[in-house]
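Participant: Before anything else, here's the structure in question.
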Amino acid sequence: MNILVVAAHPDDEVIGAGGAMALASAAGDEVHVLILTEGASTQYPGQDELIHQKKREAAKAAEILGVASLTFSDLPDMKLDTLPIVEINRPIEQKVAELAPEVVYTHFRGDLNRDHRIVFEATMVATRGERQLPLRRLLSYEVPCTLAAASPTGEGFSPNVFVDVSDVLDKKLAAMAAYGSEVRDYPHPRSLEALEAWMKCRGVACGCDAAEAYVLVRECVTTRDADR
């Protein structure tokens with residue numbers, strides 16, 4: 001089974017779905033990651049080496065999680081709202097056409113970060129129904145440091161799917177640690193301690209040691225599934 005994880009910035013994919021990625025790759029599925037922006041040009045202007053560093057870190061994190069392919073689209077960081085939407089849709093549509101994924105993970109539509117919201121919208125376009133894709137599940141993951149109780153859309157993150165990541169929590173944390181340019185000291189939400197605490201909190205909600213939480217956006221149940 002092909003799985004596609006779509007992220008706006010380097011490290012979003014690990015924070016949001018690192019555990020699910022590790023579980024899927026260990027089970028024999030092919031996990032593919034698409035990161036839309038280079039993740040540094042706006043926040044750190046003139047520091048081109050940091051862009052290359054983030055790509056190296058992303059590759060290391062992908063290796064830890066067993067990712068089959070990692071693609072950067074190199075769109076401008078924190079400036080997706082300045083681009084024609086077709087430029088954001090295109091790389092996602094191309095990857096969806098190439099992989100024909102059965103499961104897609106993307107950002108939450110109510111995220112505080114505008115890049116994240118735009119990537120959600122673009123993913124919805126790329127996976128729209130008339131394309132006759134084999135897509136069975138589309139889920140939104142959470143990036144805790146950019147979620148807010150009062151989101152721009154008026155919609156808080158209310159998960160309805162939990163994935164037990166207790167057995168791969170160490171891999172998720174190791175993948176996050178690979179992002180040396182992004183990890184911060186506790187209690188920053190991008191610290192390893194905060195990320196572990198968040199996963200354990202989500203685990204409490206579903207009765208396991210650690211979990212990732214998702215919002216199920218769309219699920220297609222086949223006739224065979226319905227008969228079970």
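FYI, it's all coordinate maths here, none of it is from the lab. All figures in this text were calculated on a predicted structure; none of them were measured in a lab. Cβ: placed from backbone, ideal geometry, glycine included. Neighbour counts: every protein chain shown.
Participant: Shape verdict for region 57-189, please, from the Cα gyration tensor: rounded (a/c under 1.5), prolate (a/b greater than b/c) or oblate. Kindly include the intermediate steps, with their values, before the conclusion.
Facilitator: Working: a/c = 1.39, a/b = 1.20, b/c = 1.15.
Rounded.
Participant: Convert each backbone phi in region 109-121 into a coupling constant with the Karplus relation 6.51 cos²θ - 1.76 cosθ + 1.60 (shift: θ = phi - 60°), then list the ³J(HN,Hα) values in order as whole Hz, x for Gly and Pro.
Facilitator: 5, x, 4, 5, 7, 5, 4, 4, 5, 5, 5, 4, 4
Participant: Taking the mean number of other Cβ atoms within 10 Å as a proxy for protection, how do you rank 184-195, 102-113 from highest to lowest?
Facilitator: Working: 184-195: 14.6, 102-113: 23.8.
For the peptides 184-195, 102-113, the packing ranking is 102-113, 184-195.
Participant: Normalised by the number of residues in region 78-222, what is the relative contact order in percent for Cα pairs under 8 Å and 6+ residues apart?
Facilitator: Working: 218 pairs, mean separation 36.0, N = 145.
After rounding, I find 25 percent.
Participant: Could you size up the charge dipole of the chain around its Cα centre, putting +1 on the beta carbon of Lys and Arg and -1 on that of Asp and Glu, and report it in debye to the nearest 20? Present the calculation step by step, with values, prior to reporting the outcome.
Facilitator: Working: 23 positive and 35 negative charges, 73 e Å.
Dipole about the Cα centre, nearest 20: 340 debye.
Participant: Ok, one more. Once the Cβ-Cβ distance between residue 216 and residue 166 is put in as r, and R0 is 30 Å, what FRET efficiency do you end up with, to the nearest 0.05? Intermediate values should be presented prior to the final figure.
Facilitator: Numbers: r = 21 Å, r/R0 = 0.70.
In this case the efficiency is close to 0.90.
Participant: Amide H to amide H, which residues 5 or more places from residue 161 or on other chains are under 5 Å from it, using H placed in the peptide plane?
Facilitator: For residue 161, the qualifying residues are 214, 216.
Participant: Now for a separate question. For region 10-81, state what percent of all Cα-Cα pairs lands in each successive 10 Å bin, counting from 0 Å until the bin that includes the largest distance.
Facilitator: 20, 48, 25, 6, 0
Participant: Continuing with this model, one more query. Could you tell me which of rounded, prolate or oblate describes region 1-137, using a ≥ b ≥ c as the square roots of the eigenvalues of the alpha-carbon gyration tensor, with rounded for a/c under 1.5 and, failing that, prolate when a/b is larger than b/c and oblate otherwise?
Facilitator: Values: a/c = 1.92, a/b = 1.18, b/c = 1.62.
Cα axes put region 1-137 in the oblate bin.
Participant: To continue, here is another question. For residue 205 and residue 59, FRET efficiency with R0 = 45 Å and r from the beta-carbon atoms, rounded to 0.05? Intermediate values should be presented prior to the final figure.
Facilitator: Working: r = 33 Å, r/R0 = 0.72.
Once rounded, the FRET efficiency stands at 0.85.
Participant: Which far-off residues, 5 or more places away or on another chain, put their amide H under 5 Å from the one on residue 38, with H placed in the peptide plane?
Facilitator: Long-range HN contacts for residue 38: 74, 75, 77.
Participant: Within the chain, how many lysine pairs that are 8 or more places apart, or on different chains, have C-alpha atoms less than 15 Å apart?
Facilitator: Details: 60/171; 60/172; 171/200; 172/200.
Lysine pair count for the chain: 4.
Participant: Here's something else I'd like to know. Could you please tell me the mean projected area of the C-alpha convex hull for region 5-48, averaged over all directions and given in square nanometres to one decimal?
Facilitator: Values: hull surface 13.7 nm².
Mean projected area for region 5-48: 3.4 nm², to one decimal.
Participant: Taking 7 Å along the Cα-to-C-beta vector as the label spot, tell me the residue 128-residue 68 distance in nanometres, rounded to one decimal.
Facilitator: So the label points at residue 128 and residue 68 sit 2.7 nm apart.
Participant: Is any residue of region 94-128 close enough, with backbone N under 12 Å, to a label point placed 7 angstrom from the Cα of residue 85 along the Cα-Cβ axis, and if so, which?
Facilitator: 118-126
Participant: Just to check I understand the Karplus step: with θ = phi - 60° and J = 6.51 cos²θ - 1.76 cosθ + 1.60, what whole-Hz values come out for region 159-174, glycine and proline as x?
Facilitator: Residue by residue, region 159-174 yields x, 10, 9, 10, 10, 5, 10, 3, 6, 10, 4, 5, 5, 4, 5, 5 Hz.
Participant: Take the alpha carbon gyration tensor of region 85-133, find the square roots of its eigenvalues, order them as a ≥ b ≥ c, and report rounded if a/c is under 1.5; if not, report prolate when a/b exceeds b/c, else oblate.
Facilitator: Values: a/c = 2.18, a/b = 1.67, b/c = 1.31.
Judged from the Cα gyration tensor, region 85-133 comes out prolate (a/c at least 1.5, a/b above b/c).
Participant: Can I ask one more? Starting from the amide H of residue 5, placed 1.01 Å from N in the peptide plane, find each other amide H under 5 Å away whose residue is 5 or more places distant or on another chain.
Facilitator: 32, 33, 34, 105
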